[in-house]
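> Shown below is the structure under consideration.
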Amino acid sequence: MLSLTVSQNSDQTLADQIVAGIKQQIEDRHLRPGTRLPSIRNFAETYHVSRFTVVEAYDRLVAMGCLQSRRGAGFYTSVTPAHREGTHPAPSDNHKRNEQLVWLIRRLLEADENMVLAGGPWLPNSWLDETGIRQSLNVLARKNGAYLLEYGQAFGYLPLREHLALLLAGLGITARAGQILLTQGTSQALELVIRYLLKPGDTALVDDPGYYNMFGSLRLQGVQMLAVPRNPDGPDIAVLEELATAHRPKVYFTQSVMQNPTGTDMSPHVAFKVLQAAERHNFTVVEDDIFSDLQVKTTPRLATLDQLNRVIYVRSFSKTLSGSLRVGFLACAQDIANELADIKMLISITTSQFTERLVYLMLMDGHYRKHLSRLHERLGEARLNVVRAFERVGLELFVEPADGMFVWARFPHVEDSLALAEASQRDGIILAPGAVFRPHLERSPWMRFNVTACEDVRLRRWLQRQASGTAA
């Protein structure tokens with residue numbers, strides 16, 4: 001039988017107390033394998049906590065292997081003995097932090113069509129070019145060849161890499177096809193770079209706030225993250241210099257345009273300062289340009305200024321074409337590209353030649369260019385409407401972004417947006433609280449909003465209630 005002590009006055013969060021208490025009872029054998037836990041509603045009522053808190057705790061216990069979720073039947077203690085005392089060491093602090101990120105990602109992936117993904121990281125399906133993808137699929141299916149059956153090449157489909165070299169030239173970045181490595185989205189590109197550049201115990205500079213998936217990958221690698229505050233014009237150069245001098249990091253992960261989550265662009269002056277610091281302190285800069293195609297008027301990237309000397313440039317088509325196709329790439333110096341291709345072969349052999357050929361067809365036949373034109377127009381209108389609506393409600397904007405789909409905003413009277421995220425979930429709205437975008441999950445008053453979801457009347461009304469202090 002489950003018996004816990006959950007205190008509102010504890011230094012631990014309520015979710016942390018629940019996770020630790022249930023895990024301890026499993027390890028002490030007070031909860032036998034296969035025991036059914038109270039339903040989310042019953043647990044919340046018994047211990048006087050919100051359902052959101054119980055969902056978070058149960059999901060984290062599932063991620064740890066302590067519980068099993070059975071559709072329609074509830075949550076049960078795992079039958080396997082993986083978490084008996086002494087079988088495995090206690091999870092590290094890094095793993096505990098990653099459990100919170102896994103929880104958020106799972107919520108986004110499993111959200112049903114009735115949820116408002118106000119803080120979601122991608123465009124709605126209705127904004128993507130499904131018709132164009134189907135047409136290109138039909139064309140590709142009629143072509144003869146063994147590409148449907150065989151493994152691809154280590155570097156990826158050559159015609160696509162040659163075309164990407166032309167696209168990079170449009171940004172002022174000179175790269176040969178041999179310097180371009182195709183990957184399974186930006187996530188794999190970053191994972192390859194992390195494996196190549198860093199080992200456990202190394203230090204890396206990261207934006208604060210920044211990309212939470214990458215923070216999770218760095219934790220898994222045992223890398224110490226050094227947080228560089230993000231200003232409206234880019235990273236805080238004074239802090240970056242101070243951290244680089246004190247810790248001698250091997251790499252700085254950043255985004256120069258449409259930074260996630262703030263939507264900010266790095267000014268040319270700051271970009272030069274970043275590259276000067278990289279040269280002076282001998283670290284590599286990894287530039288994540290995943291939102292590149294959402295920019296209407298192109299501006300120079302770090303890779304443009306550096307010409308792939310100290311910069312490794314990564315990008316994909318997941319945000320604008322299809323998250324299902326998972327086609328990305330990185331561009332870098334030739335010797336680094338060769339090393340990264342070797343790592344890619346060791347962990348995944350090759351990427352999918354089929355999806356690479358499909359993306360190549362879409363880039364070449366004009367569908368994608370027309371799709372981007374429509375997308376730019378819709379996003380521009382949505383951003384303008386959201387900014388105006390947020391200002392009327394009383395939300396403070398970090399900046400008014402020129403491009404992209406994210407707005408970084410806060411209520412002036414709120415110091416920790418995590419409580420708002422908890423309250424919103426009960427009303428069918430998923431927010432992205434600022435804490436998950438911070439390298440060490442410190443609390444934050446800010447929230448990331450996706451403008452494509454923010455015109456939903458349910459969200460507008462909910463925000464208005466929060467602003468007026470009449471939330472239920």
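> Restricting attention to the stretch 129-167, which residues are of a type in the set (A, V, I, L, M) and at pLDDT below 95?
Ile133, Leu137, Val139, Leu140, Ala141, Ala146, Leu148, Leu149, Ala154, listed by residue number.
> Output the residues belonging to the stretch 166-176 that are open to solvent by less than 40 Å² (accessible area, probe 1.4 Å) and within 26 Å of the chain's Cα centre (by Cα).
If the condition is that a residue be open to solvent by less than 40 Å² (accessible area, probe 1.4 Å) and within 26 Å of the chain's Cα centre (by Cα), then Leu168, Leu171, Ile173 are the ones that fit.
> Also: Read through the list (1) touching a strand residue (DSSP E or B) at 6+ places or on another chain (Cβ under 9 Å); (2) open to solvent by 20 Å² or more (accessible area, probe 1.4 Å); (3) basic (Lys, Arg), then give the number of the only condition that Arg219 fails.
Result: Arg219 fails condition (2) only.
> If only one of Val49, Val55 is closer than 20 Å to Asp427 by Cβ, in a loop (DSSP other than H, G, I, E, B) and under 32 Å from the mean Cα position of the chain (by Cα), which one is it?
Among Val49, Val55, only Val49 is closer than 20 Å to Asp427 by Cβ, in a loop (DSSP other than H, G, I, E, B) and under 32 Å from the mean Cα position of the chain (by Cα).
> Moving on. If Arg378 satisfies all but one of (1) open to solvent by less than 50 Å² (accessible area, probe 1.4 Å); (2) farther than 30 Å from Gln12 by Cβ, what's the number of the condition it fails?
Every listed condition holds for Arg378 apart from (1).
> Here's something else I'd like to know. Within the group Glu191, Glu162, which residue is within 24 Å of the chain's Cα centre (by Cα), open to solvent by 10 Å² or more (accessible area, probe 1.4 Å) and acidic (Asp, Glu)?
Every option except Glu191 fails the conditions.
> While we're on this one: Only residues that are surrounded by 18 or more Cβ atoms within 10 Å (Cβ to Cβ), of a type outside the set (Lys, Arg) and free of Cβ contacts under 8 Å to residues at least 60 places away in the same chain: list them for the stretch 399-413, please.
Scanning the stretch 399-413 gives Ala409, Phe411.
> Then there is this: Of the residues in the stretch 381-398, how many are open to solvent by less than 20 Å² (accessible area, probe 1.4 Å) and not in a helix (DSSP H, G or I)?
So the answer is 1.
> Got a number for residues in the stretch 277-308 being more than 23 Å from the chain's Cα centre (by Cα), modelled with pLDDT of 95 or more and either within 15 Å of Leu168 (Cα to Cα) or open to solvent by less than 10 Å² (accessible area, probe 1.4 Å) (or both)?
8
> Among the candidates Pro412, Pro445, Pro439, which residue alone is touching a Phe, Trp or Tyr at 6+ places or on another chain (Cβ under 6 Å), assigned to a loop (DSSP other than H, G, I, E, B), of a type outside the set (A, V, I, L, M) and farther than 20 Å from Gln295 by Cα?
Criteria check complete, one pass: Pro439.
> If the Cβ limit is 6 Å and pairs must be 6+ apart or interchain, which residue in the stretch 126-152 that is over 27 Å from His376 (Cα atoms) and small (Gly, Ala, Ser) pairs with which residue that is open to solvent by less than 90 Å² (accessible area, probe 1.4 Å) and assigned to a helix (DSSP H, G or I)?
Correct list of pairs: Gly152/Gln353.
> So which of Asp11, Asp28 is free of Cβ contacts under 8 Å to residues at least 40 places away in the same chain and not hydroxyl-bearing (Ser, Thr, Tyr)?
Residue meeting the stated conditions: Asp11.
> Shifting gears a bit: Being basic (Lys, Arg) and open to solvent by 40 Å² or more (accessible area, probe 1.4 Å) is the filter; apply it to the stretch 1-46 and report the residue that is farthest from Ile430 (Cα to Cα).
Residue satisfying both the conditions and the ranking: Arg29.
> Restricting to the stretch 448-462, what's the tally of residues that are closer than 15 Å to Ala389 by Cβ, modelled with pLDDT of 90 or more and either in a loop (DSSP other than H, G, I, E, B) or touching a strand residue (DSSP E or B) at 6+ places or on another chain (Cβ under 9 Å) (or both)?
Adding up the residues that qualify gives 10.
> Continuing with this model, one more query. Of the residues Leu198, Leu240, which is farther than 30 Å from Ile349 by Cα and either of a type outside the set (Lys, Arg) or surrounded by fewer than 18 Cβ atoms within 10 Å (Cβ to Cβ) (or both)?
Checking each option against the conditions leaves just Leu240.
> Just checking, does the stretch 261-276 include any residue being open to solvent by less than 50 Å² (accessible area, probe 1.4 Å), modelled with pLDDT under 95, of a type in the set (Gly, Ala, Ser) and within 21 Å of Leu190 (Cα to Cα)?
No, the stretch 261-276 contains no residue that is open to solvent by less than 50 Å² (accessible area, probe 1.4 Å), modelled with pLDDT under 95, of a type in the set (Gly, Ala, Ser) and within 21 Å of Leu190 (Cα to Cα).
> While we're looking at this one, here's another question. Considering only residues of the stretch 201-216 that are within 21 Å of Ala244 (Cβ to Cβ) and of a type in the set (Gly, Ala, Ser), which is most open to solvent (accessible area, probe 1.4 Å)?
Taking the candidates together, the pick is Gly201.
> Conditions: (1) buried (at least 19 other Cβ atoms within 10 Å of the Cβ); (2) modelled with pLDDT under 95; (3) out of contact with any Leu (no Cβ under 6 Å at 6 or more places or on another chain). Gln179 meets all but one. Number of the miss?
(2)
> Inspect the stretch 311-331 for any residue being in a helix (DSSP H, G or I), out of contact with any Gly (no Cβ under 7 Å at 6 or more places or on another chain), open to solvent by less than 30 Å² (accessible area, probe 1.4 Å) and at pLDDT 95 or above and give the result as yes or no.
no
> If you don't mind, another one. Scanning the stretch 434-452 for residues that are touching a helix residue (DSSP H, G or I) at 6+ places or on another chain (Cβ under 7 Å), open to solvent by 20 Å² or more (accessible area, probe 1.4 Å) and touching a residue at least 40 places away in the same chain (Cβ under 8 Å), which turns out farthest from Glu396 (Cα to Cα)?
The extreme case among them is Leu441.
The values are calculated or read from the model by the stated rules, or taken from the named source; none is laboratory data. In this text, all values refer to a predicted model and were calculated from it rather than measured experimentally. When we count neighbours, we look across all protein chains shown, and the Cβ atoms used for this are built from the backbone with ideal geometry, even at glycine. Side chains are part of the model used for accessible areas, which takes the heavy atoms of the whole protein and leaves out ligands, DNA and RNA. Shrake-Rupley method; radii C 1.70, N 1.55, O 1.52, S 1.80 Å.
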